[in-house]
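Structure record follows, encoded as C-alpha cells.
The values are calculated or read from the model by the stated rules, or taken from the named source; none is laboratory data. Note that this is a predicted model, so its numbers are computed, not measured. Glycine gets a Cβ as well: all are built from the backbone with ideal geometry, and neighbour counts include every protein chain shown. When the accessible area is computed, the model is the full protein with side chains, heavy atoms only, and any ligands, DNA or RNA have been set aside. Shrake-Rupley method; radii C 1.70, N 1.55, O 1.52, S 1.80 Å.
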Amino acid sequence: CAVKAAQVLSEIAKNDEMKKPCIEADLVLTLIPLLESTDQEMLLHAGRAIGRICYDNRDLQEELVKVGVITSLVRILTDYAESEPLVHVDLLALCNLADLDTAKEALSKTKVAEQLVKQLRRAENHERLEIVFEVLQALAENDALKVQLVEAGVQEVLSEILLRLRGSSQAEDTCVVKAASDLIVSLLLGGKKGNIGNGNCVRMVQLGVIHQLLDLLEKHVESGDISVQHAALSALRNLAIPVVNKVQMLEEGVAERIQALLRSEMPPVQFKLLGTLRMLADGQADAAEILGQDPMLLNRLVQWCNANEHTSVRGEANRLLASILRHNRSQEVVKAIQEAQGVKHLVSMTTSEHAAMQNEALNALAIASAIDLETLEGTFKEAQLVQSLHKLLQDDNTSPEVKYNSMGLLCSLLNSGDLRQEIEEDKIKETLEQLCSHSNASVVKEAVTTLQVLRGET
C-alpha cells in the first residue's frame, strides 16, 4: 500500500491547510526512506509529497538536507534521466532547496553538474529550460559548483541555445535568451556574491571558455542581441584580470580577435571591448607593444577620443591609450602613438574630472617622456602641457597624488631645453616653493626634488 499512501499524501499536501498536520504527524521523515526505492511510481509520489509539504518551509528544507535528501535527488536524476515526470519532480525539489548554502555544499560533493548539463541539453520545452536555468542560477553562486558546471561544458550548451534562438521575436524565446545570458554572467562573474575568484578565472581560461565567448560574440555582434553581448563582454573583461590569464589570452590571439570585434558600431560593445584590451595590457609590456604598434587600432582609438556623444567610450579609449604607453618600454610605440595624434588626447586627459584618469595620463606621459622626449616635445608645446601642469599644481582642489605625479612629469620635461624654458617662463618655481609646505609629506618631498632638478642641483 505504500505507493498508494504516498500518492494520497501528495494529493493532500496540495492543500496549504493540510501541510501542518502532515508535518506534525512526522510524515516527512517517514517519506524520505522511500526515495531509495527502485519503483518509479513510488519515487514520483514520495517526491511530490515531500516537495509539497516542505515548500516554502525553510526549517524543514534544512532538515531534509541534513538527513541526506540531496544524495537521493542526484541519484534519481542520474538513474532516471529519461523519465520526464521523475525529472520534473526532481528538478522542482532541487529548485526549492538550491538557495540553501547547506544544499549547495552537499551538491558540490555530487555529480549534479553533469546531470544538469545533460538535462539542459535535452530540454525541449520552455518550461523545462526555465526550471533548469533556475537551479543552475542558484548553484552558480557557489564557487566549487561553478567550476564543476564549466568542466561539464555548460557554457557550450548555453552557446548552442543562444544561437538556436538568435533572432527569434517570440516572448518565450526572449525569456530563455535572457536566462541563458544571465547564467553566463553568473558563471563567469560570480552571481549575487561578487566577482569570481582568481582560481576559478584561471581554471575557466584553461578550459577554453574565452574562445567560446568570442565565438558567441562574433555571432551576436551583428544581430544586436544586447543581453548576450553584455554577458559575454563582462565575462571577458573579468577573465582578463589574473596575470596568468593575460599571458595565455595573448598567446592564444585573443587581442586580435577582440580588435576584429571592434568593428561594431554599438557604444556599449565598444566600451566593454576597450576595457578588456586595457585589462590585457595592464602590467604586460608584450601586450602594450602589440597593441601600440597596430596603426588601425591606434587610429580607431584616436577617433573615439573625439567621440563627444559617447563619453564612456571616449574615456575608455583614452584610458587604453594611456595604458599602452604606461606599460610599454618601446620607442616604436611612443612614435606610433605620436603619429596617430594620440598624445594630445593624453595631455587633455591630465585635466579630466576623475583623479584616476588624471594619474593614468600623467604616468603614461612621464614614461613616454623618459623613453623618447624628443619625439613628443613639439606636441607638448602645442598642447600647452606645461601650463596644464602648472594649473594642477596651483589648484587647491587637485588631489595630492595628482600633484605628486604632475611634478614627476615636470622632472622628465626638464630634460628638454625648450620645455625647461617654458617651465621657467611660467614661474612654476614659485608654485613649487609654496608646495614645500604642503600638508602631504609625499607632495613636499616631490616638490623639493623637482626644485633641485630645476636648479640643476641633481
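Residue by residue, here is whether (1) modelled with pLDDT under 80; (2) more than 23 Å from Leu280 (Cα to Cα); (3) crowded, with 20+ Cβ neighbours inside 10 Å holds:
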{"site": "Gln170", "(1), (2), (3)": "no, yes, no"}
{"site": "Val176", "(1), (2), (3)": "no, yes, yes"}
{"site": "Leu183", "(1), (2), (3)": "no, yes, yes"}
{"site": "Ser186", "(1), (2), (3)": "yes, no, yes"}
{"site": "Lys193", "(1), (2), (3)": "yes, yes, no"}
{"site": "Val205", "(1), (2), (3)": "no, no, yes"}
{"site": "Asp225", "(1), (2), (3)": "yes, yes, yes"}
{"site": "Gln229", "(1), (2), (3)": "yes, no, yes"}
{"site": "Leu233", "(1), (2), (3)": "no, no, yes"}
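In this structure, is Lys104 open to solvent by 10 Å² or more (accessible area, probe 1.4 Å) and modelled with pLDDT of 90 or more? Quick ask: steps written out before the conclusion?
Numbers: open to solvent by 10 Å² or more (accessible area, probe 1.4 Å): no; modelled with pLDDT of 90 or more: yes.
It is false that Lys104 is open to solvent by 10 Å² or more (accessible area, probe 1.4 Å) and modelled with pLDDT of 90 or more.
If you scan the range 213-223, which residues turn out to be open to solvent by 30 Å² or more (accessible area, probe 1.4 Å) and at pLDDT 75 or above?
Filtering the range 213-223 down to residues open to solvent by 30 Å² or more (accessible area, probe 1.4 Å) leaves 215, 218-219, 222-223.
Asp215, Glu218 - these are the residues of the range 213-223 that are open to solvent by 30 Å² or more (accessible area, probe 1.4 Å) and at pLDDT 75 or above.
Look through the range 326-342, keep the residues that are in a helix (DSSP H, G or I) and among the basic types (Lys, Arg), and return whichever of them is nearest to the chain's Cα centre (by Cα). Quick ask: steps written out before the conclusion?
Applying the first criterion (in a helix (DSSP H, G or I)) to the range 326-342 yields 326-327, 331-339.
From what's left, among the basic types (Lys, Arg): 326, 335.
Details: Arg326: 23, Lys335: 33 Å.
Selected residue: Arg326.
Given Ala441, Ala447, which one is in contact with an Asp or Glu (Cβ under 9 Å, 6 or more places away or on another chain) and either open to solvent by less than 50 Å² (accessible area, probe 1.4 Å) or hydrophobic (A, V, I, L, M, F, W, C) (or both)?
Details: Ala441 fails: in contact with an Asp or Glu (Cβ under 9 Å, 6 or more places away or on another chain).
None of the others qualify; the one that does is Ala447.
Is it fair to say Ser323 is outside any helix (DSSP H, G or I), small (Gly, Ala, Ser) and buried (at least 17 other Cβ atoms within 10 Å of the Cβ)? Walk me through how you get there before you give the answer.
Working: outside any helix (DSSP H, G or I): no; small (Gly, Ala, Ser): yes; buried (at least 17 other Cβ atoms within 10 Å of the Cβ): yes.
Criteria not met by Ser323.
Tell me, please, whether a residue that is more than 18 Å from Leu107 (Cα to Cα), of a type outside the set (Val, Ile, Thr) and open to solvent by less than 10 Å² (accessible area, probe 1.4 Å) can be found in the range 51-62.
Our first condition is that a residue be more than 18 Å from Leu107 (Cα to Cα); within the range 51-62, this holds for 52-57, 59.
Next, from what is left, pick out any that are of a type outside the set (Val, Ile, Thr): 52, 54-57, 59.
Right, trim to open to solvent by less than 10 Å² (accessible area, probe 1.4 Å) and you get 54.
Yes, the range 51-62 contains a residue that is more than 18 Å from Leu107 (Cα to Cα), of a type outside the set (Val, Ile, Thr) and open to solvent by less than 10 Å² (accessible area, probe 1.4 Å).
Restricting to the range 29-47, and then to whatever is touching a residue at least 40 places away in the same chain (Cβ under 8 Å) and out of contact with any Lys or Arg (no Cβ under 9 Å at 6 or more places or on another chain), can you tell me which residue is surrounded by the fewest Cβ atoms within 10 Å (Cβ to Cβ)? Break it down stepwise before answering.
First pass over the range 29-47, keeping only residues touching a residue at least 40 places away in the same chain (Cβ under 8 Å): 32, 35, 40, 42-47.
Checking the rest, the ones that are also out of contact with any Lys or Arg (no Cβ under 9 Å at 6 or more places or on another chain) come to 32, 40, 42-44, 46-47.
Working: Ile32: 17, Gln40: 14, Met42: 19, Leu43: 26, Leu44: 22, Ala46: 28, Gly47: 26.
Per the stated criteria, the residue is Gln40.
Could you go through the range 272-291 and let me know if any residue there is closer than 25 Å to Leu163 by Cα and among the polar types (S, T, N, Q).
Yes; the residues of the range 272-291 include at least one that is closer than 25 Å to Leu163 by Cα and among the polar types (S, T, N, Q).
Are any residues in the range 13-24 part of a helix (DSSP H, G or I) and either free of Cβ contacts under 8 Å to residues at least 12 places away in the same chain or under 13 Å from Glu41 (Cα atoms) (or both), and if so, which ones?
Scanning the range 13-24 gives Asp16, Glu17, Met18, Lys20, Pro21, Glu24.
Among the helices (runs of 4 or more DSSP H) lying completely within the range 232-295, list those that include at least 1 residues that are closer than 12 Å to Leu214 by Cα and touching a residue at least 12 places away in the same chain (Cβ under 8 Å). First the steps, then the outcome.
Working: elements: 243-251, 254-261, 267-281, 285-292.
It comes to 243-251, 254-261, 267-281.
Tell me which residues, restricted to the range 110-138, are open to solvent by 30 Å² or more (accessible area, probe 1.4 Å), part of a helix (DSSP H, G or I) and closer than 15 Å to Val176 by Cα.
If the condition is that a residue be open to solvent by 30 Å² or more (accessible area, probe 1.4 Å), part of a helix (DSSP H, G or I) and closer than 15 Å to Val176 by Cα, then Arg121, Arg122, His126, Glu127, Glu130, Glu134, Gln137 are the ones that fit.
If I ask for residues that are surrounded by fewer than 19 Cβ atoms within 10 Å (Cβ to Cβ) and hydrophobic (A, V, I, L, M, F, W, C), which ones from the range 272-317 would you list?
Ala285, Met296, Ala307
Which condition does Leu44 not pass, out of (1) of a type in the set (A, V, I, L, M, F, W, C); (2) more than 19 Å from Leu29 (Cα to Cα); (3) modelled with pLDDT of 95 or more, if it passes all the others?
(2)
Scan the range 242-256 residue by residue and report those that are within 18 Å of the chain's Cα centre (by Cα) and surrounded by fewer than 17 Cβ atoms within 10 Å (Cβ to Cβ). Full working, then the answer.
Filtering the range 242-256 down to residues within 18 Å of the chain's Cα centre (by Cα) leaves 242-250, 254-255.
Those that are within 18 Å of the chain's Cα centre (by Cα) and surrounded by fewer than 17 Cβ atoms within 10 Å (Cβ to Cβ): Val243, Val244, Val247, Gln248.
Determine if the range 380-390 includes at least one residue that is surrounded by fewer than 15 Cβ atoms within 10 Å (Cβ to Cβ) and within 34 Å of the chain's Cα centre (by Cα).
No - not one qualifying residue is present in the range 380-390.
With polar (S, T, N, Q) and modelled with pLDDT of 90 or more as the only criterion, which of Asn299, Asn308 stands out? Step through it out loud before you land on a result.
Details: Asn308 fails: modelled with pLDDT of 90 or more.
Criteria check complete, one pass: Asn299.
Go through the range 139-167 residue by residue and tally those that are in a helix (DSSP H, G or I) and open to solvent by 10 Å² or more (accessible area, probe 1.4 Å).
First, the residues of the range 139-167 that are in a helix (DSSP H, G or I): 139, 143-151, 154-164.
Filter again for open to solvent by 10 Å² or more (accessible area, probe 1.4 Å), leaving 143-144, 147-148, 151, 155-156, 159-160, 163-164.
Here the count works out to 11.
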